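**Student:** Mind having a look at this structure? Questions to follow.
The values are calculated or read from the model by the stated rules, or taken from the named source; none is laboratory data. If you're wondering where the values come from, they're calculated on a predicted model, not measured in any experiment. Cβ: placed from backbone, ideal geometry, glycine included. Neighbour counts: every protein chain shown. Please note that ligands, DNA and RNA were not included when accessible areas were found on the heavy atoms of the full protein model with its side chains. Shrake-Rupley method; radii C 1.70, N 1.55, O 1.52, S 1.80 Å.
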Amino acid sequence: MSDTTAAAPARSTISLHKLGVFCGISAAFWLGSAEAPTKLVNAGFSPFLLSMGMVMGAFVARWTIPTLLKGTGFVFSDLFEKPHLVVWALVGGMLWAVANTLTIFGVRNVGLAIAFPLWNTNSLVGLFWGCLLFKELRGSRAKDWAKVIGGAAAIVFGAAILAVATAQQNAGTPGKAAIGIIAAVGAGVLLGTMYIPYRKAYISGMNPLSFVTVFTFGELATVVVLGLIFYGGAGPLVAELNRARPMLFWPFVGGFCWVVGDLFQQYAAKYIGIGRGIPLSNTNQLWGLAWAALVFGEFAGLTTGGKIEILTGSCIMIAGAVSISLAAPPPSEMENWRAAMERECRRYVLDVHTVSAVVAGNDPLADRKHPRRWWEVLIVCTASGIFLWLALGTQAQHLAVNFPWMIVLIVGTFIPLGLCGTLLWRRTRFS
């Protein structure tokens, strides 16, 4: 559980805490960009269709990225060593699918700039579960507790300011605003709870690339069930998907972006815990606000007072998240993390020394050669073919966007991918 665990000579010596912080920041860029396609709900498309499109894109990505990075041999070897975590990954995927649908309802009713920070209260939920179940913050110093508690209070206060601003800006349709607020907050609760399977997997030594591969089956099955219930059967659901064919490429891209961000977020949760890693990744609110204001012009109709309230609430929430994430765990807290890990090892008969190495970013399996299989080429080609097919059938939607700013934000999203991806490879070999 310590950053000082010996690494292979060819590996970087960057500390796991710094690596986790970089992963959390990188996650923020991709998670923020992933929500941009949800604006299509304002073009008349159902939140269920958008959620299903994102989940299908995520399903494709959650198989393709691990295949490209490590190969299916590595993924299956990791899963076979820890089969008890398969169920937890499925549960996590189910929670994400429901939460993602709620986020789109929130965007439809109160806008991206408002809904985003409200569902990011998942920081509080994740912090609670991290302390209760995984001994995060146990044995930490008083000043670190103060940073975390102060950060949590700031997040709650910022969310309250945003809720007031939402009610004022939607005074003519209070019912619509209320539903949007409830949906966004409900998504925050589910997303925060979703991190329980994350942390349980990583203190047991599972690789994030393996975890997300199983995770995607839970989210796909759940969103299909939700769609069948909402539309009243397979026939109406297929008909709606055909009708939405001209726009499905965009939620597919959103789902793909979400997977990239989620992978960085999972590495952050692995190396600095959910109580610190999740608030840091929740600075995606800044990137989401940039998309909302610069690309979609959401602030154009707001009064000066409304803009000040939204920006103030957002800054307070972000300051709280940063405060939490900067409370680096001291050795006394790391001992409690190790106790939580040893508890999982005893419960599921895992080798403590091997799991300790994996948790410290030195997975022996990651350095082992895994032969590539012919079906891996098929997986990548199939994924590429699906995106190409959707792209060729895409039609322009009645949604005003600022293309120069969109290009700037897209380029800005790829920069942390290269930087943090390189750090992860050099330090952990994507362990």
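**Student:** Does the stretch 334-379 hold any residues that are among the aliphatic types (A, V, I, L, M), within 23 Å of Gly20 (Cα to Cα) and within 27 Å of the chain's Cα centre (by Cα), and which are they?
**Tutor:** Met334, Ala339, Ala340, Met341, Val355, Ala357, Val358, Val359, Ala360, Leu365, Ala366, listed by residue number.
**Student:** Filter the stretch 300-309 for residues that are under 22 Å from Ile155 (Cβ atoms) and modelled with pLDDT under 80; which is farthest from the chain's Cα centre (by Cα)?
**Tutor:** The selected residue is Gly306.
**Student:** Taking Pro246, is it out of contact with any helix residue (DSSP H, G or I) (no Cβ under 9 Å at 6 or more places or on another chain) and touching a residue at least 12 places away in the same chain (Cβ under 8 Å)?
**Tutor:** For Pro246, the condition - out of contact with any helix residue (DSSP H, G or I) (no Cβ under 9 Å at 6 or more places or on another chain) and touching a residue at least 12 places away in the same chain (Cβ under 8 Å) - is met.
**Student:** Here is a follow-up. Taking the stretch 112-136, which residues are outside any helix (DSSP H, G or I) and surrounded by fewer than 23 Cβ atoms within 10 Å (Cβ to Cβ)?
**Tutor:** Lys135
**Student:** If I go through the stretch 328-343 residue by residue, how many of them are in contact with a Lys or Arg (Cβ under 9 Å, 6 or more places away or on another chain) and of a type in the set (A, V, I, L, M)?
**Tutor:** 3
**Student:** Let me ask something additional. Return yes or no: is Gly73 in a helix (DSSP H, G or I), open to solvent by less than 30 Å² (accessible area, probe 1.4 Å), in contact with a Lys or Arg (Cβ under 9 Å, 6 or more places away or on another chain) and modelled with pLDDT of 90 or more?
**Tutor:** no
**Student:** While we're on this one: Can you find, within the stretch 255-303, the residue that is surrounded by the fewest Cβ atoms within 10 Å (Cβ to Cβ) among those that are β-branched (Val, Ile, Thr) and over 22 Å from Ala97 (Cβ atoms)?
**Tutor:** It comes out as Thr303.
**Student:** Is it the case that some residue within the stretch 88-110 is in contact with an Asp or Glu (Cβ under 9 Å, 6 or more places away or on another chain), open to solvent by less than 20 Å² (accessible area, probe 1.4 Å), part of a helix (DSSP H, G or I) and at pLDDT 90 or above?
**Tutor:** yes
**Student:** Can you confirm whether Glu219 is within 17 Å of the chain's Cα centre (by Cα) and of a type in the set (D, E, K, R)?
**Tutor:** Yes: the conditions hold for Glu219.
**Student:** Return yes when Val41 is among the aliphatic types (A, V, I, L, M), at pLDDT 85 or above and part of a helix (DSSP H, G or I) and no when it is not.
**Tutor:** no
Per-residue answers, yes or no, for (1) touching a residue at least 60 places away in the same chain (Cβ under 8 Å); (2) open to solvent by 40 Å² or more (accessible area, probe 1.4 Å); (3) closer than 28 Å to Ala27 by Cβ; (4) among the β-branched types (Val, Ile, Thr):
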residue: Ala383; (1), (2), (3), (4): yes, no, yes, no
residue: Phe387; (1), (2), (3), (4): yes, no, yes, no
residue: Ala396; (1), (2), (3), (4): no, yes, no, no
residue: Asn402; (1), (2), (3), (4): yes, yes, yes, no
residue: Trp405; (1), (2), (3), (4): yes, yes, yes, no
residue: Phe414; (1), (2), (3), (4): no, yes, yes, no
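**Student:** Can you run down the residue pairs with Cβ atoms below 7 Å, 6 or more apart or on separate chains, where the first is in the stretch 197-214 and part of a helix (DSSP H, G or I) and open to solvent by less than 10 Å² (accessible area, probe 1.4 Å) and the partner is at pLDDT 90 or above and among the basic types (Lys, Arg)?
**Tutor:** So the pair list comes out as Tyr202/Lys270; Pro208/Lys270.
**Student:** Go through the stretch 216-254 and give me each residue that's open to solvent by 50 Å² or more (accessible area, probe 1.4 Å), of a type in the set (Phe, Trp, Tyr) and under 21 Å from Gln395 (Cα atoms).
**Tutor:** Residue satisfying the conditions is Trp250 alone.
**Student:** Consider only pairs whose beta carbons are under 6 Å apart and that are at least six residues apart or on different chains; among these, list those whose first residue lies in the stretch 324-335 and is more than 16 Å from Ala269 (Cβ to Cβ) and of a type in the set (Asp, Glu) and whose second residue is open to solvent by less than 10 Å² (accessible area, probe 1.4 Å) and in a helix (DSSP H, G or I).
**Tutor:** none
**Student:** So, in the stretch 393-431, exactly how many residues are among the aliphatic types (A, V, I, L, M) and modelled with pLDDT under 90?
**Tutor:** 4
**Student:** Still on this structure, I have one more. Can you work out which of the residues in the stretch 310-333 that are of a type in the set (Gly, Ala, Ser) and part of a helix (DSSP H, G or I) is farthest from the chain's Cα centre (by Cα)?
**Tutor:** Ser332
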